[in-house]
Amino acid sequence: MNFNKFIDSPLFYRIIALTLAVLLFAYTNEDNLSSTRNNTESTMLANASTTMKVALQLDVNSNKYFVTGYPEKVKVKISGSKAMVTTISNTRNFKIYADLTDLKPGTHEVTLKQSGLNSDLDYTINPKKIKITISNRKTKSFPVQFKYDKQRVANDYKVGSPTADQDVVSATGASSEVSKISEIIAAVEIPKGTKETFSRSVLLQAVDDKGKILNVVISPQTVNVKIPIYSETTTKKVPVQFVTTGDGDSDKSYTLSSSTETVTLSGTKSNLTSVSSYKVPVPIDGVSSTTTKSVNLTSPGSGVTVVQPKSVKVKITVGASSSGESTVSSQSSSSSMNETSSSSTKSSQNESESKSQTSSQSSSSSEVNN
């Protein structure tokens, strides 16, 4: 192809245009990159500061000495490039400490130091100095004592002996403080009106003989306390009253008797106060001749339980009813029941039978006609 003709061709102009576009793009992009780079460098080199709370560490022979009077945390203000400040704020890979390795027991003023901060960073520790007391270390074991208010439990309820999952704990501190310990107590706050065994995790405290809390370290710091709370029960003997249940023969009379005259009930004082007797239901369904049944005694409820005996034997004496209707009588040893029997007898036959049974059982009787 002739060169002159190539220059005049459209292809030549297209190549020229493409070359200029590429050169213009490269120039513009380089300018943007340079601007971005400069901005990034400026940001990274900009100064910043932050203030944080840091746990204070002690360099001391903790097996031999016990230190008091120092703050748990101190404030540190760190200044420098924004990147370095941000990094140290996130990682916190430095420490603030008090060097006590060369100090003896007594009170000292100590300048706080740092370890781990980059030398390009500036820092200020607040406070710069602290006053501490170094004492000879002492550890002693003590049994856990319990403190609680018995008046907080409900009426008619008693408090048993408290227990803890750790019976003996150790107290560590300055020798002078440990020597003052009178007891280590677990103070338990029982809710008012409590009626059941109470359990709670309790923080332990070491106190002197005047009840003042002492500055020592207790291990473990907490124990799980269990205080048994149960109802205050008492017993009461009451007479038995036998009553029939069910339907007997219409032309029969039924007399109930037993050698068991009283039962012993157990319950709270308030529940037993209103109880004057104990009714024993005796079923007479299908009973057409004299027989003896064993009847289980059940709890009457309302906080009262039958303790002794658990069952009684009841003799059901069946006779002919003079009135043609079913007649029911019950017998017991109390004189009051005997008077009731005498006044309620409706036939001489039943009266003779009742006297005969009373003589053989050496007990008085009473009849109740239905």
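Does Asn338 satisfy the condition of being out of contact with any Asp or Glu (no Cβ under 9 Å at 6 or more places or on another chain), farther than 30 Å from Tyr157 by Cα and modelled with pLDDT under 90?
Values: out of contact with any Asp or Glu (no Cβ under 9 Å at 6 or more places or on another chain): yes; farther than 30 Å from Tyr157 by Cα: yes; modelled with pLDDT under 90: yes.
Criteria met by Asn338.
Consider Lys140 against the criteria (1) under 30 Å from Leu204 (Cβ atoms); (2) assigned to a loop (DSSP other than H, G, I, E, B): it satisfies all of them except one. Which criterion is unmet?
Result: Lys140 fails condition (2) only.
Which of the following residues is over 26 Å from Thr194 (Cβ atoms) and either touching a helix residue (DSSP H, G or I) at 6+ places or on another chain (Cβ under 9 Å) or touching a residue at least 40 places away in the same chain (Cβ under 8 Å) (or both): Ile88, Ile134? Outline the logic, then answer.
Values: Ile88 fails: either touching a helix residue (DSSP H, G or I) at 6+ places or on another chain (Cβ under 9 Å) or touching a residue at least 40 places away in the same chain (Cβ under 8 Å) (or both).
Answer to the check: Ile134.
Name the residues in the range 292-301 that are surrounded by fewer than 13 Cβ atoms within 10 Å (Cβ to Cβ) and either of a type in the set (Ser, Thr, Tyr) or farther than 30 Å from Asn271 by Cα (or both), would you? So that I can check it myself, show each step before the final result.
Within the range 292-301, the subset surrounded by fewer than 13 Cβ atoms within 10 Å (Cβ to Cβ) is 292, 294, 296, 298, 301.
The answer is Thr292, Ser294, Thr298.
Tell me, please, whether a residue that is among the small types (Gly, Ala, Ser) and at pLDDT below 90 can be found in the range 39-60. Outline the logic, then answer.
To start, the set of residues in the range 39-60 that are among the small types (Gly, Ala, Ser) comprises 42, 46, 48-49, 55.
Imposing the further condition that a residue be at pLDDT below 90 reduces the set to 42, 46.
Checked against the condition, which is being among the small types (Gly, Ala, Ser) and at pLDDT below 90, the range 39-60 yields at least one hit.
Can you pull out every residue in the range 176-198 that is loosely packed, with under 15 Cβ neighbours inside 10 Å and either part of a helix (DSSP H, G or I) or polar (S, T, N, Q) (or both)?
Within the range 176-198, Ser176, Ser179, Thr197 meet the criteria.
Could you check, for the range 140-151, whether at least one of its residues is in contact with a Phe, Trp or Tyr (Cβ under 7 Å, 6 or more places away or on another chain) and in the same structural domain as Asp209 (by TED's automatic domain parsing)? If you could, list the steps in order and put the result at the bottom.
In the first step, residues of the range 140-151 are kept if they are in contact with a Phe, Trp or Tyr (Cβ under 7 Å, 6 or more places away or on another chain); the result is none.
No, the range 140-151 contains no residue that is in contact with a Phe, Trp or Tyr (Cβ under 7 Å, 6 or more places away or on another chain) and in the same structural domain as Asp209 (by TED's automatic domain parsing).
Being exposed (fewer than 14 other Cβ atoms within 10 Å of the Cβ) and of a type in the set (Gly, Ala, Ser) is the filter; apply it to the range 200-240 and report the residue that is farthest from Ser179 (Cα to Cα).
Selected residue: Ser201.
In the range 242-311, which strands (runs of 3 or more DSSP E) lie fully inside it and hold 3 or more residues that are modelled with pLDDT under 85?
Ranges flagged: 304-308.
Which residues, counting only those in the range 214-226, are part of a strand (DSSP E or B) and farther than 14 Å from Ala174 by Cα? Can you show your working first?
Of all residues in the range 214-226, those part of a strand (DSSP E or B) come to 217-219, 222-226.
The answer is Ser219, Thr222, Val223, Asn224, Val225, Lys226.
In the list Glu183, Glu189, Glu177, which residue meets the criterion of being within 29 Å of Val110 (Cα to Cα), among the acidic types (Asp, Glu) and outside the structural domain of Asn61 (by TED's automatic domain parsing)? Please lay out each step first, then the result.
Values: Glu183 fails: within 29 Å of Val110 (Cα to Cα); Glu189 fails: within 29 Å of Val110 (Cα to Cα).
On inspection, the qualifying residue turns out to be Glu177.
Looking at this structure, is Lys104 under 40 Å from the mean Cα position of the chain (by Cα) and either surrounded by fewer than 17 Cβ atoms within 10 Å (Cβ to Cβ) or not assigned by TED's automatic domain parsing to the domain that holds Thr222 (or both)? Step through it out loud before you land on a result.
Working: under 40 Å from the mean Cα position of the chain (by Cα): no; either surrounded by fewer than 17 Cβ atoms within 10 Å (Cβ to Cβ) or not assigned by TED's automatic domain parsing to the domain that holds Thr222 (or both): yes.
So Lys104 does not fit the description; no.
Outside the structural domain of Gln205 (by TED's automatic domain parsing) and closer than 21 Å to Val216 by Cβ: which single residue out of Asn118, Asn93, Asn63 fits that description? Even if it seems obvious, please write down each step before you answer.
Values: Asn118 fails: closer than 21 Å to Val216 by Cβ; Asn93 fails: closer than 21 Å to Val216 by Cβ.
Among Asn118, Asn93, Asn63, only Asn63 is outside the structural domain of Gln205 (by TED's automatic domain parsing) and closer than 21 Å to Val216 by Cβ.
Looking at the range 1-38 only, could you name the residues that are of a type in the set (Gly, Ala, Ser) and at pLDDT below 65? Can you show your working first?
Initial filter on the range 1-38 (of a type in the set (Gly, Ala, Ser)): 9, 17, 21, 26, 34-35.
Selection gives Ser34, Ser35.
Return a yes/no flag: does the range 73-82 have any residue that is within 30 Å of Glu177 (Cα to Cα), within 39 Å of the chain's Cα centre (by Cα) and buried (at least 16 other Cβ atoms within 10 Å of the Cβ). Spell out how you get there, then give the answer.
Step one: filter the range 73-82 for residues within 30 Å of Glu177 (Cα to Cα), giving 73-75.
If we keep only those that are within 39 Å of the chain's Cα centre (by Cα) as well, we get 73-75.
Then keep just the ones that are buried (at least 16 other Cβ atoms within 10 Å of the Cβ); that gives 74.
The answer is yes; a qualifying residue exists.
Select from the range 154-174 the residues that are aliphatic (A, V, I, L, M) and not in a loop (DSSP other than H, G, I, E, B) and list them in ascending order.
Val159, Ala164, Val168, Val169, Ala171, Ala174
The values are calculated or read from the model by the stated rules, or taken from the named source; none is laboratory data. Because the structure is a prediction, the values reported are computed rather than measured. A quick note on method: Cβ atoms are made from the backbone with ideal geometry, for glycine too, and the neighbour counts reach across all protein chains shown.
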